[in-house]
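Asks: Before we start, here is the structure in question, set down as structure tokens.
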Amino acid sequence: IIFSAPFAVISYFLIWFVPDISTGQVMWYLIFYCIFQTLVTCFHVPYSALTMFISREQSERDSATAYRMTVEVLGTVLGTAIQGQIVGNVVTPCIETPLFIGKTNSSVAMEELNMTHDTGLLTDTRNAYMIAAGVIGGLYILCAVILSAGVREKREGSELRSDEPVSFFRGLKLVMNHGAYIKLIAGFLFTSLAFCSAPVEEVAPHACSNCELSFPEAEAATLTIPFWQWFLTRFGKKTAVYVGISSAIPFLTLVAVLDSNLIVTYIVAIAAGISVAAAFLLPWSMLPDVIDDFKLQHPDSHSHEAIFFSFYVFFTKFASGVSLGISTLSLDFAGYQTRGCSQPSEVNFTLKMLVSAVPVGLILLGLLLFKLYPINEEKRKKNKKALQDLREESNSSSESDNTELASIV
């Protein structure tokens, strides 16, 4: 975490920097974007895996996960607000299509309009993005310092460990052969794809002039995470998954049935936010239970927490990348016009499919996979008791060895 944070900030800053080169700008942005994502992963994997090292109690780890997800959503809202407010001060008006400019020399007129617009706002736009990158980079460093200085790992000497550590590749093979983990990450992948592929904010150009509909979704997710934390402790995690994630289906269906308008879009955004809270909180809170189950089945294999969490992080990024690619390509095939004042009718239909039919199908598939997930509340309690018994046995044997060694000395 300490190593990756400053380099991640530098690479993020360079993503928004416009190099004074005539060729190779695509490679510039591609290289620094890949470096940034790599460094963010270096931060995210140990940051997520710390959940297993701050407590051995399942209830405390669930509580820590709820706090972590709440602050992550708040951070998303804060980052979006900072970027939007700073960059939003540079007004970027929509551009009429050549049909509205006039058929005579329409391409020339459009080119002249673009050149005039770009010349007038290019400097202000560059400065705005650089300022926003600097502010967000400063917050990144501040959070990394607080995390590294304020969180202490609790490595118990009496943990179930063998004298000989297991190699990484053997540990990876053991982890990927653990059935409960495979079912959990599969369900997590499809539900993540469902909510990432529903670009609710893309409907905004058809409903209002400002595109801030991601804020109701994020705010709803932030406010309902404590509720889902209470719900899972009261009714169990699998029940919370079914209720929380499926609750978005009726509202997503409204998008396909009703015409797009401001009220419907806000309702769908808020309902999606409530389900997003459940879709991202609950699988993360279920992961420590899988690790406990793995420890019982492989008591001589230890220190694989990072492998479990790294694949979770991977599938989060994978879902985001795939959904972004699908959404962008679908809108491109439908004839979406960047900064266009109006869009073809095919774009409206494509948006409805991306917001309704596609996520509903992915949600149903994800819930089916969660149905196969074997760790229910009864199984979780049995694992908890079995781990406590093994730790007590390990402690007793360790104390006996120490006593025998002292007597010999």
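Asks: What does the accessible area per residue of the range 243-383 come to in Å², with a 1.4 Å probe and no ligands, DNA or RNA counted? Each step should come with its number before you reach the end.
Replies: Details: 6210 Å² over 141 residues.
Each residue of the range 243-383 exposes 44 Å² on average to a 1.4 Å probe.
Asks: How much accessible area does E72 have with a 1.4 Å probe, in Å² rounded to the nearest 10?
Replies: Looks like 60 Å² after rounding.
Asks: Carbon and sulfur together cover what percent of the accessible area of the range 1-82 at a 1.4 Å probe radius?
Replies: Within the range 1-82, the accessible surface is 76 percent carbon and sulfur.
Asks: Using per-residue counts of other Cβ atoms within 10 Å, averaged over each peptide, order 363-374, 270-281, 124-135, 182-193 from highest down.
Replies: Highest to lowest by the protection proxy: 270-281, 182-193, 363-374, 124-135.
Asks: Per residue, how many Å² of accessible area does the range 48-92 show with a 1.4 Å probe?
Replies: Roughly 47 Å² per residue, with all protein chains present.
Asks: Quick check: pseudo-label points 7 Å beyond the Cα along Cα→Cβ at V322 and V145, how many nm apart are they?
Replies: Output for this residue pair reads 4.0 nm.
Asks: How large is the Kirkwood hydrodynamic radius of the range 276-347, in angstrom, based on all distinct alpha carbon pairs?
Replies: 15.7
Asks: Beyond 20 Å, what percent of the Cα pairs of the range 292-385 remain?
Replies: 61
Asks: A follow-up question, please. What does the C-alpha gyration tensor say about the overall shape of the range 1-94? Classify as rounded when a/c is under 1.5, otherwise prolate if a/b is larger than b/c, or oblate. Walk me through the numbers before you get to the answer.
Replies: On the way: a/c = 3.98, a/b = 1.71, b/c = 2.33.
Oblate shape, in that a/c is at least 1.5 and b/c is the bigger or equal ratio.
Asks: Here's another thing I want to ask about it. On the protein heavy atoms, probe 1.4 angstrom, tell me the percent of accessible surface of the range 345-395 carried by carbon and sulfur.
Replies: Of all accessible area on the range 345-395, carbon and sulfur atoms account for 61 percent.
Asks: Something else about it: Are any of the pairs K238/K352; K352/K381; K352/K379; K154/K371 more than 32 Å apart by Cα-Cα distance, and if so, which? Don't skip to the answer; put the middle values down first.
Replies: Numbers: K238/K352 30 Å; K352/K381 43 Å; K352/K379 41 Å; K154/K371 34 Å.
Violating the 32 Å limit, Cα to Cα: K352/K381; K352/K379; K154/K371.
Asks: Also, quick follow-up: Treating the range 243-364 as a set of equal point scatterers at the Cα positions, no solvent, please give the Debye-formula log₁₀ I(q)/I(0) at q = 0.12, 0.18 Å⁻¹.
Replies: Taken in order of the listed q values, log10 I(q)/I(0) reads -0.61, -1.04.
The values are calculated or read from the model by the stated rules, or taken from the named source; none is laboratory data. Worth saying up front: this structure is predicted, and the values here are computed from it rather than measured. For neighbour counting, all protein chains shown are included, and Cβ atoms are generated from backbone atoms with ideal geometry for every residue, glycine included. The protein model used for the area step is the full one, side chains on, heavy atoms only, and it has no ligands, DNA or RNA in it. Shrake-Rupley method; radii C 1.70, N 1.55, O 1.52, S 1.80 Å.
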